[in-house]
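> Input: one structure, supplied below.
The values are calculated or read from the model by the stated rules, or taken from the named source; none is laboratory data. In this text the structure is predicted, and so the values were computed from the model without any measurement. So basically every Cβ, Gly included, is an ideal-geometry build from the backbone, and we count neighbours across all protein chains shown.
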């Protein structure tokens with residue numbers, strides 16, 4: 001590879017891998033420095049310069065000019081022991097002033113004496129050694145670049161393609177890298193097809209020992225939140241505020257909203273005309289149901305709203321300090337209030353941050369008659 005081909009190759013790597021040009025040149029210079037020392041049995045301090053325009057490679061040896069060699073010295077430490085203090089400059093990188101003056105009559109102690117030592121066949125000898133080191137640096141730089149690209153995507157939703165599957169995970173192609181979607185993080189009951197596009201929620205971005213690790217989920221409550229933000233324009237402009245989301249994946253989610261504009265119905269806006277807006281969200285979640293809950297600063301009103309789909313709910317705050325409340329429902333609404341395996345009352349409790357106890361009016365009357 002000649003100098004022009006080298007520059008062309010580096011520019012191609014920079015463009016394809018989205019890596020800083022300086023990182024590539026610095027990695028290559030380091031690799032060539034190692035190659036020189038190995039192939040030419042050099043112990044002197046050397047540096048390699050690559051012209052960023054022409055691609056010309058030059059090797060320089062350099063020495064610090066000293067009036068006497070510094071081989072280190074001994075001193076007594078705080079414990080009273082004699083210890084060896086290593087020289088501040090490696091012996092191989094020192095040159096006596098009297099020798100340096102023969103090369104440069106104007107040189108002074110403390111200055112650097114530099115001499116070009118580029119071998120004629122250095123490019124050929126160094127190429128094989130440099131390749132492995134450079135590729136390693138490129139991989140490291142690419143990992144860093146991917147981490148930086150995805151760092152601000154943590155807790156965001158992305159569209160990817162299902163690329164691979166093993167016993168425990170799906171691997172989702174996100175462009176420059178693949179994310180890991182554990183099978184325990186998919187919505188219960190859903191079928192994931194190879195090659196299909198899929199929306200995923202990024203829960204963690206970290207630099208693992210083998211490269212960037214992008215952890216994904218479709219069970220996280222944040223996934224529902226991002227679906228709403230994607231489908232409802234008023235959430236983006238602040239007209240509607242999504243207060244909170246609680247979720248039992250695959251069964252039910254409760255999404256609490258309120259409006260900053262008295263003329264806008266937050267629940268109606270989320271549903272859309274003839275259910276047009278919420279339809280896409282429901283399709284993404286499969287059999288999972290969504291309860292849209294209107295937020296209220298009044299705890300009793302908020303709890304009543306959170307108990308949907310149960311109707312004709314009466315709420316009594318038992319202990320404000322301990323956040324305990326009694327929810328009274330007609331006998332016919334008891335199963336709706338509790339929900340399958342207690343899901344509805346559990347989610348209502350999480351949403352309102354109240355411990356809720358459900359009783360029917362008949363149970364209240366019986367207690368009162370005893």
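> Only one residue in 290, 303 is in a helix (DSSP H, G or I), crowded, with 17+ Cβ neighbours inside 10 Å and in contact with a strand residue (DSSP E or B) (Cβ under 9 Å, 6 or more places away or on another chain). Which one?
303
> Test each condition in (1) surrounded by 13 or more Cβ atoms within 10 Å (Cβ to Cβ); (2) in the same structural domain as residue 210 (by TED's automatic domain parsing) for residue 118 and report the one that comes out false.
Result: residue 118 fails condition (2) only.
> With respect to residue 318, determine if the residue is crowded, with 16+ Cβ neighbours inside 10 Å and not assigned by TED's automatic domain parsing to the domain that holds residue 252.
Criteria not met by residue 318.
> Moving to a separate point now. Taking residue 344 as the residue in question, decide whether it is in contact with a helix residue (DSSP H, G or I) (Cβ under 9 Å, 6 or more places away or on another chain) and part of a loop (DSSP other than H, G, I, E, B).
no
> Could I ask something else about it? Scan the strands (runs of 3 or more DSSP E) fully inside region 3-101 and keep the ones with 3 or more residues being in contact with a helix residue (DSSP H, G or I) (Cβ under 8 Å, 6 or more places away or on another chain) and more than 30 Å from residue 144 (Cβ to Cβ).
Per the criteria, 57-66.
> If you scan region 276-311, which residues turn out to be in contact (Cβ under 8 Å) with a residue 60 or more places away in the chain and at negative phi?
Within region 276-311, 284, 285, 287, 288, 290 meet the criteria.
> Related question: Given the criteria crowded, with 21+ Cβ neighbours inside 10 Å and at negative phi, does residue 266 qualify?
So residue 266 passes the test.
> Being in a helix (DSSP H, G or I) and touching a strand residue (DSSP E or B) at 6+ places or on another chain (Cβ under 8 Å), is that true of even one residue in region 308-321?
No: region 308-321 contains no residue that is in a helix (DSSP H, G or I) and touching a strand residue (DSSP E or B) at 6+ places or on another chain (Cβ under 8 Å).
> Can I ask one more? Does residue 337 qualify as being without any contact (Cβ under 8 Å) to a residue 40 or more places away in the chain, part of a helix (DSSP H, G or I) and crowded, with 18+ Cβ neighbours inside 10 Å?
Criteria met by residue 337.
> For region 343-370, which positions are loosely packed, with under 14 Cβ neighbours inside 10 Å and modelled with pLDDT of 95 or more?
353, 355
> Restricting to region 272-301, name every residue that is more than 32 Å from the chain's Cα centre (by Cα) and closer than 16 Å to residue 229 by Cβ.
Passing the criteria: only 272.
> Looking only at region 235-250, which residues are at pLDDT 95 or above, surrounded by fewer than 21 Cβ atoms within 10 Å (Cβ to Cβ) and in contact with a helix residue (DSSP H, G or I) (Cβ under 7 Å, 6 or more places away or on another chain)?
242, 244
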